[in-house]
Amino acid sequence: MTDPIVCIDTSDIRHGKADDVKTAVRELAAFVEVNEPDVVAYGIYIDDDKRMTVLQIHPSSDSMELHMELAGPIFRKFADLLELSRVDFYGRPSARLLEQMQAKARLLGNAPVVVNELQAGFDRFSGAERDIPTRSALL
C-alpha cells in the first residue's frame, strides 16, 4: 500500500500581480482537474495579505510526481507573479518527487522544502470497504 501525500505550499504574490495570479490559478486548477484524475484534492487560496496557499492531496507519491511532470510547464508562468516561500510535505515523498519540488522551489524563489514526519494518527484514504459500526450499533 502506498502512503498518501499532502503538500502545502505558500507564496507571496508580487505587488500588482494579484489579478494575474487569480487568472493563472483558475487555469491551473482546471488543468489539474481535467488531466489528473487521481488527485484527491487541489485547492488554491489567497488571503487578504496577498499570500497564496496551495493545498494538494495525492493518493501516492507517484500521483504527485505525475502532477509535477504535467503541470511543470505551467509553473513557469508564475515566476514573475509570485515568490514561493515554503513547501511542506506530509507523508513520504519519493526521492524523485523531492527533486521535482526542489526544482520548482528554485524556479519560484528558492523556498525551503520540508518533510514533516508523522508522529501519530491515521488516514482513511484507502478505497477498501470497511465494516465500520454506526453510532446506533455502538449504543
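The values are calculated or read from the model by the stated rules, or taken from the named source; none is laboratory data. Remember, it's a predicted structure, so these values are computed and weren't measured experimentally. No Cβ is skipped: glycine too gets one built from the backbone with ideal geometry, and neighbour counts run over all protein chains shown.
You will find that of Ala111, Ala29, the residue that is surrounded by fewer than 16 Cβ atoms within 10 Å (Cβ to Cβ) and among the aliphatic types (A, V, I, L, M) is Ala29 and no other. Tally time: how many residues in the stretch 77-93 are under 23 Å from Leu118 (Cα atoms) and of a type in the set (Gly, Ala, Ser)? The number of residues fulfilling the criteria is 2.
For Ile74, the conditions (1) modelled with pLDDT under 95; (2) in contact with a His (Cβ under 6 Å, 6 or more places away or on another chain) are fulfilled apart from (2). Being in contact (Cβ under 8 Å) with a residue 12 or more places away in the chain, farther than 21 Å from Glu117 by Cα and assigned to a strand (DSSP E or B) is not true of Ile74. For Ser61, state whether it is more than 18 Å from Leu108 (Cβ to Cβ), of a type in the set (S, T, N, Q) and in contact with a Leu (Cβ under 8 Å, 6 or more places away or on another chain). It is true that Ser61 is more than 18 Å from Leu108 (Cβ to Cβ), of a type in the set (S, T, N, Q) and in contact with a Leu (Cβ under 8 Å, 6 or more places away or on another chain).
Within the stretch 1-23, the set of residues being more than 16 Å from the chain's Cα centre (by Cα) and among the aliphatic types (A, V, I, L, M) comprises Met1, Ile13, Ala18, Val21. In the stretch 39-86, the qualifying residues are those that are among the small types (Gly, Ala, Ser) and surrounded by 14 or more Cβ atoms within 10 Å (Cβ to Cβ), and the one that is farthest from the chain's Cα centre (by Cα) is Ser85.
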